[in-house]
Amino acid sequence: MSSARLTDWATGTTSGGRRAVSAGREYGILLVLGALVVVFSLTTAAFFTTANLRNLLDQAGLPMLIACGMSVVIVAGEFDLSVGAVYGFAAVVTAKTANTASLPLAIAVGLGVGAALGLINGLIVAAGRIQSFLVTLATQFIYVGVALAMTHAKDTVVVNAPTGFARLAQNAIGGIELKSWIAAIVLLVTWLVLRNTAAGKQVYAVGGDATAARVAGVRTRAVVTAAFVVSGIAAAAAGVLATSDNGLAQADGGIGMEFTAITAVVIGGTSIAGGRGSVARTVIGVLLLAVISNGFTLLYINPNYSLLVQGAIILVAVLIDARLKARSAP
């Protein structure tokens, strides 16, 4: 009996079964998204309209940006619970700078703050060899606290001259707002880097087996730190665009976004253990969450039930990932 068949016999699986599970993991999210689109289209006439579909894409723009950065971190085998806090911090800094200096400088400062906060997370995790879950849970509160201190505990920071700034997010191309186009460009660049560059392959290698990657000559600490910097910049970009869109910033306005981002990444098929996943599938995960929220709103269903559905989808995705990993183990 061959070693492959012996493994199948010992684990009670077949190669066909493994292929079926793998296919379900790869394409199941598309089937679920398609099914929800059909259901909502049949149950409410307002869903499958041009105006509503554009609204869906506009709503998904900022979560896509944050989930993009989160994908890189999770593929590298880590977690970033501070993205919501970085979003709020960058928004506050951007609004304050826009009120005293030029718009380009405000945008640059906002993105720079995101990179700096991501760098802090990465250095603590990589150099201190501390679990990223705990590190970013702590820095989340620190970043929000500092941002609140900057606003003197006020609820919002209003942009004094929001008209020109608003064009950054609200101007539209093809009926879709710029913030969504910006998110799409960032996602495309991130996908290409992860898929086609040596740096991207190193991220997958570190997430798959950090020890083996280190033996192969990969600078694992640098890779992990870089992943957190990317996450920080992505979250800050979302905060900058939110400030542009709303004309104001909230220090704690991003709290909770980290869970939405993680949810989108996980249900998109990225392994929570790291080393496997795709930014492209994360986009599908974000769209799935947006469709659920939008459909429930149009049907006047209590939004709390959407959380129930999201939780069930996450549980199924995690179970499939665990099952697939067990079946592929030697």
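The values are calculated or read from the model by the stated rules, or taken from the named source; none is laboratory data. Here the structure is a predicted model, which is why all the values come from computation and not from measurement. Here Cβ is always computed from backbone atoms with ideal geometry, including for glycine, and neighbour counts include all displayed protein chains. Heads up: the accessible areas ignore ligands, DNA and RNA and are worked out on the full protein's heavy atoms, side chains in. Shrake-Rupley method; radii C 1.70, N 1.55, O 1.52, S 1.80 Å.
Brief remarks on what is shown
- Region 117-152, residues that are among the hydrophobic types (A, V, I, L, M, F, W, C) and open to solvent by less than 30 Å² (accessible area, probe 1.4 Å): L117, V125, A126, V135, V144, A147
Residue-wise test of (1) among the aliphatic types (A, V, I, L, M); (2) surrounded by 16 or more Cβ atoms within 10 Å (Cβ to Cβ).
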position: G28; (1), (2): no, yes
position: V32; (1), (2): yes, yes
position: V38; (1), (2): yes, no
position: G61; (1), (2): no, yes
position: G69; (1), (2): no, yes
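- Test: residue in region 203-215 that is of a type in the set (S, T, N, Q), at pLDDT 90 or above and surrounded by 19 or more Cβ atoms within 10 Å (Cβ to Cβ): no
- Any hit, region 300-312, residues being under 16 Å from P63 (Cβ atoms), modelled with pLDDT of 85 or more, of a type outside the set (F, W, Y) and open to solvent by 30 Å² or more (accessible area, probe 1.4 Å): no
- Residue list for region 80-106, restricted to those being closer than 30 Å to R214 by Cα and either surrounded by fewer than 24 Cβ atoms within 10 Å (Cβ to Cβ) or under 10 Å from the mean Cα position of the chain (by Cα) (or both): D80, L81, V83
- Within region 216-231, the residues that satisfy the criterion of being in a loop (DSSP other than H, G, I, E, B) and of a type in the set (A, V, I, L, M) are A216, V218.
- G114 vs. criteria surrounded by 24 or more Cβ atoms within 10 Å (Cβ to Cβ), modelled with pLDDT under 95 and more than 23 Å from A210 (Cβ to Cβ): no
- Any hit, region 71-79, residues being within 22 Å of I120 (Cβ to Cβ), touching an Asp or Glu at 6+ places or on another chain (Cβ under 7 Å), at pLDDT 95 or above and crowded, with 18+ Cβ neighbours inside 10 Å: yes
- Counting the residues of region 149-170 that are over 21 Å from A235 (Cα atoms) and in contact with a helix residue (DSSP H, G or I) (Cβ under 7 Å, 6 or more places away or on another chain) gives 1.
- The C-beta contact set for region 38-53 (first residue in contact (Cβ under 8 Å) with a residue 60 or more places away in the chain, second residue assigned to a helix (DSSP H, G or I), distance under 6 angstrom, 6+ apart or interchain) comprises F40/G295; T44/L298; A46/N52; A46/L298; F47/F40; F47/S41; F47/L298.
- Positions within region 257-297 being of a type in the set (S, T, Y) and surrounded by fewer than 24 Cβ atoms within 10 Å (Cβ to Cβ), in sequence order: T260, T263, S271, S278, S293, T297
- Residue count for region 153-202, restricted to those that are crowded, with 17+ Cβ neighbours inside 10 Å, part of a helix (DSSP H, G or I) and among the charged types (D, E, K, R): 1.
- Region 86-136, residues that are not in a helix (DSSP H, G or I) and not aliphatic (A, V, I, L, M): N99, T100, S102, R129, Q131
- The sole residue among A236, A205 that is over 19 Å from A261 (Cβ atoms) and part of a helix (DSSP H, G or I) is A205.
- Close contacts from region 248-259, counting a first residue that is in a loop (DSSP other than H, G, I, E, B) and a second that is among the polar types (S, T, N, Q) and open to solvent by 30 Å² or more (accessible area, probe 1.4 Å), with Cβ to Cβ under 7 Å and a gap of 6+ residues or different chains, come to Q250/T156.
- Residue within region 242-256 that is surrounded by 22 or more Cβ atoms within 10 Å (Cβ to Cβ), under 25 Å from V159 (Cβ atoms) and of a type outside the set (G, A, S) present: yes
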